[in-house]
Amino acid sequence: MVTGDLVQDGLQIEAYEYLHTLLGCLEAPYYLIPGNHDNRSALKQVFHETTYMDTAAERIEYIIDTPKLPFALLALDTVVSGEFYGQLSEEQFQRIHEVSCTLYKPLVIFMHHPPLTPGTIDPHIFEYFKRFSPALLDGLKFIGAEAFANQVSGLSSLRAILSGHLHLSAQLLWQGIPLIIAPSVAPSLKGVIPYKEHLARIGMILQENPGLAVHLWDSNINNLVSLFKYYKLPT
């Protein structure tokens, strides 16, 4: 599952062609959703042969439910064209409801934007952006988070929500549901450390090595077991 921001500049078709070449080396199947850096048209043009992606639809959304999978995957497109922030619509809430009503197995949702702000995870990061880059902070918001919470909080089949976007790794309970935010394969944020007295409440953003989230389905608990794996940058 590649949870968006597949390339840095979604307007460059060559970037998706390069990504297609890289992913073509995988033996395992892969599933893509767009992030705010992506361009849906270019993405669908290059990956048109995928069986799960409806290239005629505006959003890139689908469900993966095969006999080999002990759970179903629901991909949600949270991208707002031309914006950094994420959003879910009433139409998408209805889709979640319809999918949950027809499934007879556990459900895992994956999408690019997590339904919260960085301040939920680390208030220092929130304060840093609030002071030094309010425009970027605005881009990290999620429109429709409360409505989304109302939609999924009562779903007994929903086991986890997987996302990215924030360039930092986190696992937390959101509305009683495990929310796993994967780190970035580009340099990630590592949180903050205080520095200098007059900036003690702001902190200094550090970088951590690129990484990804690894998920294992544990049939004993009927849920995902997730961990983060990081790769050391060459010196």
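Data for the structure
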read-out: Flag if ASN220 is farther than 20 Å from HIS113 by Cβ and at pLDDT 90 or above; value: yes
read-out: ILE60 within 20 Å of HIS165 (Cα to Cα), free of Cβ contacts under 8 Å to residues at least 60 places away in the same chain and of a type outside the set (Phe, Trp, Tyr); value: yes
read-out: Identity of the residue in the range 54-83, surrounded by 20 or more Cβ atoms within 10 Å (Cβ to Cβ) and among the aliphatic types (A, V, I, L, M), that ends up nearest to LEU107 (Cα to Cα); value: ALA72
read-out: Residue count for the range 49-59, restricted to those that are within 16 Å of GLY10 (Cβ to Cβ) and either out of contact with any strand residue (DSSP E or B) (no Cβ under 7 Å at 6 or more places or on another chain) or among the acidic types (Asp, Glu) (or both); value: 3
read-out: Selected residue (criterion: farthest from LEU74 (Cα to Cα)) from residues of the range 125-151 that are at pLDDT below 85 and surrounded by 20 or more Cβ atoms within 10 Å (Cβ to Cβ); value: TYR128
read-out: Residues within the range 22-48 that are out of contact with any strand residue (DSSP E or B) (no Cβ under 9 Å at 6 or more places or on another chain), among the polar types (S, T, N, Q) and touching a residue at least 24 places away in the same chain (Cβ under 8 Å), tallied; value: 2
read-out: Residue in the range 168-184 that is modelled with the lowest pLDDT, counting only those that are among the β-branched types (Val, Ile, Thr) and buried (at least 22 other Cβ atoms within 10 Å of the Cβ); value: ILE181
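This table checks each residue for (1) over 30 Å from VAL7 (Cβ atoms); (2) surrounded by 12 or more Cβ atoms within 10 Å (Cβ to Cβ); (3) at pLDDT 90 or above.
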{"position": "ARG159", "(1), (2), (3)": "no, yes, yes"}
{"position": "LEU166", "(1), (2), (3)": "no, yes, no"}
{"position": "ALA186", "(1), (2), (3)": "no, no, no"}
{"position": "LEU189", "(1), (2), (3)": "no, yes, no"}
{"position": "MET204", "(1), (2), (3)": "no, yes, no"}
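The values are calculated or read from the model by the stated rules, or taken from the named source; none is laboratory data. The shown structure was predicted, so the numbers you read here are calculated from the model rather than taken from an experiment. For neighbour counting, all protein chains shown are included, and Cβ atoms are generated from backbone atoms with ideal geometry for every residue, glycine included.
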